[in-house]
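The values are calculated or read from the model by the stated rules, or taken from the named source; none is laboratory data. None of these values were measured; they are calculated from a predicted model. Cβ placement follows ideal geometry from the backbone for every residue including glycine, while neighbour counts extend to all protein chains displayed. Remember, those area values only see protein heavy atoms, side chains included, never the ligands or the DNA or RNA. Shrake-Rupley method; radii C 1.70, N 1.55, O 1.52, S 1.80 Å.
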Amino acid sequence: MLKNRKRFILIASILVLFSALSRFVGLYIDWLFFVETGYRFVFSRVITVEVLSGFGFGVFAFLFMYVNTRLINRIEFPAASFSINGYTTVSVNMDRIAGLSRLLSLLVSVIFGIFGALWGAGLWNQILFFLNGVSTGVTDPIFGKDVGFYLFKLPLYQSLSSFLGFLLFVSLIISVVTYTIKRGIHVGRFQLFIAKEIRIHLGVLASLILFKTAFGFYLDRFDLLYTARQIITGAGYADVHARLFVLNILTVLSIVAAVSFIAAFAKSRFKAAFYPVGAVIVVYVIGLVAYPGLLQNFKVTPNELDLERPFIQHHIAFTRYGYGLEKIDLKPFDVSYDLTAKDIQKNDITVRNIRLWDEGPLLKTLSQLQQIRTYYKFASIETDRYMIDGKYLQVMMSARELSYDDLPSKSWINEKLVFTHGNGVSLAHVARITPEGLPEFIVKDIPPVSITKDLKVTTPEIYFGELTGSYAIANTRIPEFSYPTADGNVYSSYKGSGGVAFDSLFKRLAFAAHFKDAKILLSSDMKSDSRILYFRNIMERVRKATPFLSLDQSPYIVVSDSGKLYWMIDAYTVSTHLPYSRQLRNRVNYMRNSVKITVDAYSGAINYYLSDTDDPIAKVYGAIFPGLFKSLDAMPEDLRRHIRYPKELFKTQVSLYATYHMDDPKTFYNKEDLWEIPSHAEKSMDPYYLIMKLPEEKSEEYVLLAPYTPAKRDNLAAWFAARCDAPNYGKLMVYTFPRDRLVYGPRQVDARIDQDSYISQQITLWGQRGSQVIRGSLLIIPVESALIYIQPLYLAAEDKGGLPELRRIIVAYQNNVVMDQTLEGAFQKIFGSRGLIPSTPQAGTASLPASIGDLAREAGKTFERMMQLQRQGDWAGYGEQMKKLERLLKEMTK
C-alpha cells in the first residue's frame, strides 16, 4: 500500500513538473516577444495582476474549503463491521478511514485552491478596470449612476458574486453529504437529528448563502438595464414599477432570513429557520414572475406607447451613445437631374476615381497575372488612395505573400530557413483598364516596378503578413530566397530587428521545447545573430501584444514615402455593460474605433495610436498601460494620410441607424420611418469607398458610403457617409432624399438594366459558348445634386481558371441606361459631349490613344485579338473587337 502511494506521488509529481515546465517555457517565449516589440510593461502588468489575483483567490478558496473540511472532520465515523455469509465478521479500521478522510479533505482544498487561482487570474482585466475606472459624464436614468460604474465596476462585482456563490454552494453540499455519511445527520422516528456543532456549521453556511443571495438580488437590479425586450433593450415600465421594487424587498428580506436562519437552526427550530427562506421564495415567485406579467398584460400592453415612452427614449439615446451615432450630421439632399457636361468635367476627380473593379474579379485576375509563382498568393484586395503625379487617386492593392501550403518542395529547411517572406504588392487604378479589359497596374511584378516616381517600393520583403502562420529563422548560413528571375533565383539575408536573436544555447533550447522541434537546437545552420521570427501573422501578433483590443478583420497594406510596407489595422474597444443599449449577436453593446495600429511588414514593429481621445475605455487602458497609446499626431504623416474609417464599424452603424435615426418614441414604436440596407444580387449592399466632393464642400475627399431604402420599398431614402480624410476624419453625415419624388434604388436600376433590350441581348450572347458574364457591384455615385449609377460587366471562361476581363460599363442616369466599353464612352452617350473625362494616365478610363501612330498600333493589336477570338470561337468577343477596330479606323480618318 505504501509503495503504491509513493509511486502515485512520484508519477503525479513528474506530471506536475512537466506541466509547470511547459508553462514556464511558454511564459519565457512570450516574455521574449514582448521584449522584442517593446511592450514588456504590458506583459509585466498583466502577469503581476494575474499572479496576485490568482494567489488571492486561490488562498481564499483553499482556506475556505480547508476550514470547512476541518470542521467536518471533527465528527468521527461510527464503528462499523460487516459479516460475510453470516459467519465471518470483519471490523472496519476507523483510524485508517479517518486518515483517508483528512487526506481527501486536504486534496479537495488544494483542488479548490487551484480552481480559485485560475478563476482569479482570469479576472485581471476586470480588476484593472475596477482600479482605474473613470467617469464618463453620462448618467443612467434609473439609478442615477455614472455609466463608468457599469463599464468598470459592475463586472467585477458580478464575478465576485458568482465565485462566492459557487464556493458556498459546493461547501454546503459537501458538508451535508459527509455529515450524513458520518451519521451526524440522520432521521429517526420521523424526526431529524443533527448534532449541535453540525447545526452551527450548516447554519453559518446557509446564512452565508442567504447573504450572498441578498447581494445577488442587489446586483440583479442593474441587470434590468440589459434585458432584451420586444421593443427595447433595458428596463421598461413593468421592470421599474414591479421587478425593481420586488428586488429591493428581496434584498432586505434575504438579509433578515440569513440572520434569523442561523439563530433558529442553532436551536434545532428547523421549521422556524426555514420560514424566512420560504418567504423569500414566495416573494420571488409572486413578485418577479406573476406580478410583473400581470402588470404588463393588464396595464402596460393596453397603454404601451404612453407608459413605455420614457424608456423608449432611454433606449434610443443609449444605443446612439454606445455606437457613436449621437453626433451624426443630418442634412437634406435635394435630388435634381440637371447635370451637364460641364458638371461632369467639374467633378472629374470623382468621375475618374469611380471604382470599376470589384474585389472578387480583381483578386482572380491578380492571382493569374501577378502571383508570378505558385508559392505566392494574394489573400485579399483592399482599397486606398494616394497622391500620384499630383492627382488624388483611389487604388486597389494586395500584398504578394508567401503561401507555405503551395511550396514546390516541403522540407524543414525550405519552410523555416529558405522561404521566409513574401515580396511586394500589386497596385492598380480602381477604374483604368487596358484595351484587353485588364487592370492597369501602377506597381507590379517582382521586384516591384512602378510607373510613377511618387510610389516606389524599396523594401518589398514581407516577413509579417496575413498568411504567415508559422515561425521562420532568418539570417542563417543558408541564403533566403528573395525572388525569381529569368536567369535564376535571387537570394538575400534578413537585416531587420524583428524576432529574437539566437545568442545563447538556452534560447535555442527554449524555442525547441516550445515549438516541439529539435531541429532548432540541432541544426548547424544557425549563427549567433540568426533570428527566429514568430507570431508572424499580423492579427495573431497584435492580439498577443494587446489581447484586450478587438481587431477589425480587414487589415490593409500601405506603401510609405520611403518605400517601406506597413500593415494598418483598426482596433475597437468594446463592452457588454452599457445600460439600455442594443446588443449585437456577441452581446456587445458599446463599440468604438479608438485605436489605429501599424505593423512593419519587414521588422514586425507594432505601434498603437489613439484616434478617439473621448473614449472612456481607451482612457482606462491608457491609465493601465502608460505609454501604450501614442497620439495620432505622432503617426508618421505618410502613414496618417492612409487611415480610413473601418468598414466593420461602419456596417454596424449603418445597420443600427436604419432604425435609430427615429428619435421620436412614437415614430420608433410604430416603425413609421424604418429604413433598410438595399439588396443587390440577392444580398445586402456593402459600403464602398469613394473619392467625391460632399455637398457644400469645396474639394474632393475620401468617403465611405452606404445607401438606404425605406422598409419594404425599393426607392432610395438616404445615404450615409463617413469621412476618412483629416481634419474631418470620423465625422458622420446622413443625407436624406425628398419623400415627394422617386429616387431610384438598386433593385429598380437593376430592373431597368434587365429591361433594356440591347443590354440584355448582349449579356445573353456573351453568356454562350463557354463564357461567363459577371455583373459587378452597382455603385451609386453622388455628383453635384444628382445620382449616377455604375455597374461593370466582366467576362470570364466558365472553368475555374477563367481570367475575368472588364468588358463593359453600364451607366444609368435619370431615365437613361447606356452600356459602353469605357466610362467616357458611356458618359458621352448620356451627356452628348466629348472629352468629359481627361484622357491622361490618371483618367480613370480606357481612353483611345491620341496620335496616328498610337491609333495604328492599337488597330493592329485589335486585329490580332480579333483573329485569336475567331480561332477560339468567341464570336461575342470577336464582335466587340470589330466595333473597336471600326472606331479606331474612324479616328484615324479624322
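For the stretch 126-247, what are the per-bin percents of Cα-Cα distances with bins 5 Å wide, up to the bin holding the maximum?
2, 9, 14, 14, 14, 12, 9, 8, 7, 6, 4, 1, 0, 0
Given labels modelled 7 Å from the Cα in the Cβ direction, how far is it in nm from Arg713 to Ser367?
4.2 nm
Using a cut-off of 25 Å between alpha-carbon atoms, which lysines can reach Lys519, once sequence neighbours fewer than 8 places away in the same chain are excluded?
In chain and number order, the partners are Lys410, Lys416, Lys495, Lys507, Lys527.
Would you work out which of Met819, Ala264, Gln394 lies farthest towards the positive end of the dipole of the chain, given +1 charges on the beta-carbon of Lys and Arg and -1 on that of Asp and Glu, about the Cα centre?
Ala264
In whole percent, what relative contact order does the chain give with Cα contacts below 8 Å and a gap of six or more residues? Provide the component values of the computation, followed by the final result.
Numbers: 1520 pairs, mean separation 94.4, N = 894.
It rounds to 11 percent for the chain.
Please list Asp329, Asp820, Asp384 from largest to smallest accessible area, probe radius 1.4 Å, with all protein chains kept in place.
Putting Asp329, Asp820, Asp384 in descending order of accessible area: Asp329, Asp820, Asp384.
May I ask you to derive the relative contact order of the stretch 472-534, considering only C-alpha pairs under 8 Å and at least 6 residues apart, and to give it as an integer percent?
46 percent
Would you compute the Debye intensity of the stretch 610-662 from its alpha-carbon atoms alone, equal scatterers and no solvent, and pass along log10 I(q)/I(0) at q = 0.22, 0.32 Å⁻¹ to two decimals?
For the stretch 610-662 at q = 0.22, 0.32 Å⁻¹, log10 I(q)/I(0) is -0.94, -1.11.
State to the nearest 20 debye the size of the charge dipole of the chain about its Cα centre, where the only charges are +1 on K and R beta carbons and -1 on D and E beta carbons.
With Lys and Arg at +1 and Asp and Glu at -1, about 3700 debye.
In the chain, which helices (entire DSSP H runs) extend 24 Å or more along their own long axis, judged by Cα positions, while averaging at least -1.0 on the Kyte-Doolittle scale?
2-37, 40-72, 94-121, 154-181, 196-223, 244-266, 304-322, 852-872, 875-893
So what are the three principal axis dimensions of the stretch 676-716 from its Cα atoms, in whole Å, longest to shortest?
Result for the stretch 676-716: principal-axis Cα extents of 36, 17, 11 Å.
Can you show me the helix-derived [θ] at 222 nm for the chain, built from DSSP H runs with n ≥ 4 at -39,500 (n - 2.57) apiece and divided by the number of residues, rounded to the nearest 500.
-13500 deg cm²/dmol
Hey, could you grab the Kirkwood Rh for the stretch 667-823? Inverse mean 1/r over distinct alpha carbon pairs, Å, one decimal.
Working: mean 1/r = 0.0577 Å⁻¹.
It works out to 17.3 Å.
So how far apart, in nm, are the two label points at Ser497 and Lys731 if each is 7 Å from Cα heading toward Cβ?
The answer from the label model is 3.8 nm.
Using the Cα centre of the stretch 322-463 as origin and beta-carbon charges of +1 (Lys, Arg) and -1 (Asp, Glu), tell me which of His429, Thr374, Pro439 is placed farthest towards the positive end of the dipole.
Going by the Cα projections, it comes out as Thr374.
Quick one: divide the alpha-carbon radius of gyration of the stretch 304-463 by 2.2 N^0.38 Å and tell me what you get.
1.56
So if each residue of separation counts as 0.36 nm, and I subtract the Cα-Cα distance between Leu505 and Arg739, what length gain in nm does that give?
Difference between extended and current length: 76.8 nm.
Over the stretch 190-276, average the accessible area per residue using a 1.4 Å probe and give it in Å², no decimals.
That works out to 47 Å² for each residue.
Once you keep just the Cα pairs under 8 angstrom separated by 6 or more residues, what percentage relative contact order results for the stretch 550-636?
21 percent
What is the Å³ per residue value for the convex hull set by the Cα atoms of the stretch 296-387? Display every interim value, and only then the final one.
Numbers: hull volume 28.0 nm³, N = 92.
With only Cα atoms used, the stretch 296-387 gives 304 Å³ per residue.
What Kirkwood Rh does the stretch 716-791 have if only Cα atoms enter the pairwise 1/r average? Answer in Å. Each step should come with its number before you reach the end.
Numbers: mean 1/r = 0.0654 Å⁻¹.
Answer for the stretch 716-791: a Kirkwood hydrodynamic radius of 15.3 Å.
As an exercise, use a Förster radius of 22 Å and the Cβ-Cβ distance of Glu672 and Asn303 to find the FRET efficiency, rounded to the nearest 0.05. Don't jump to the answer; show the numbers that get you there.
Values: r = 19 Å, r/R0 = 0.87.
Once the sixth-power term is evaluated, E becomes 0.70.
May I ask for the net charge around Glu700, where only other residues with Cβ less than 13 Å from the Cβ of Glu700 are counted and Lys, Arg are +1 while Asp, Glu are -1? Mind dumping the intermediate values first?
Details: positive: Lys346, Arg352, Arg385, Lys391, Lys693, Lys698, Arg723; negative: Asp348, Glu697, Glu701, Asp725, Glu784.
With Lys, Arg at +1 and Asp, Glu at -1, the neighbours total +2.
I need two numbers for the stretch 347-435: Rg to one decimal and Dmax as a whole number, Cα atoms only, in Å.
Values for the stretch 347-435 (Cα only, Rg and Dmax): 16.2, 56 Å.
Accessible area of the chain with a 1.4 Å probe: how many percent of it is carbon plus sulfur?
In the chain, the share of accessible area belonging to carbon and sulfur is 57 percent.
Under 10 °C and 1.306 mPa s, how fast does the stretch 684-744 diffuse according to Stokes-Einstein, given a Kirkwood radius computed over C-alpha pairs? Answer in µm²/s, whole number.
126 µm²/s
To one decimal place, what Kirkwood hydrodynamic radius in Å is obtained for the chain from all pairs of distinct Cα atoms?
For the chain, inverting the mean 1/r across all distinct Cα pairs yields 33.1 Å.
If you roll a 1.4 Å probe over the heavy atoms of the protein chains, what accessible area per residue do you get for the stretch 551-669, in Å²?
With all protein chains present, the stretch 551-669 gives 32 Å² per residue.
Take the Cβ-Cβ distance between Asp517 and Phe24 as r, set R0 to 22 Å, and report the resulting FRET efficiency rounded to the nearest 0.05.
After rounding to 0.05, the efficiency reads 0.75.
Sum up the charges of everything whose Cβ sits under 14 Å from the Cβ of Leu219, counting Lys and Arg as +1 and Asp and Glu as -1, but leave Leu219 out.
Values: positive: Lys145, Lys153, Lys212, Arg221, Arg243; negative: Asp220, Asp223.
Overall, the nearby charge balance is +3.
Rolling a 1.4 Å sphere over the protein heavy atoms, what is the accessible area per residue of the stretch 689-828, to the nearest Å²?
With the other protein chains kept in place, the stretch 689-828 gives 39 Å² per residue.
Which of rounded, prolate or oblate describes the stretch 181-301 when judged by the alpha-carbon gyration tensor and an a/c cut-off of 1.5?
The shape class here is prolate.
Please compute the modelled spin-label separation between Ala228 and Val449, points set 7 Å along Cα→Cβ, answer in nm with one decimal.
Using points 7 Å along Cα→Cβ, the separation is 5.6 nm.
Please find the FRET efficiency linking Ser336 to Lys651, where r is the Cβ-Cβ separation and R0 is fixed at 30 Å, and quote it to the nearest 0.05.
Using R0 = 30 Å, I get an efficiency of 0.50.
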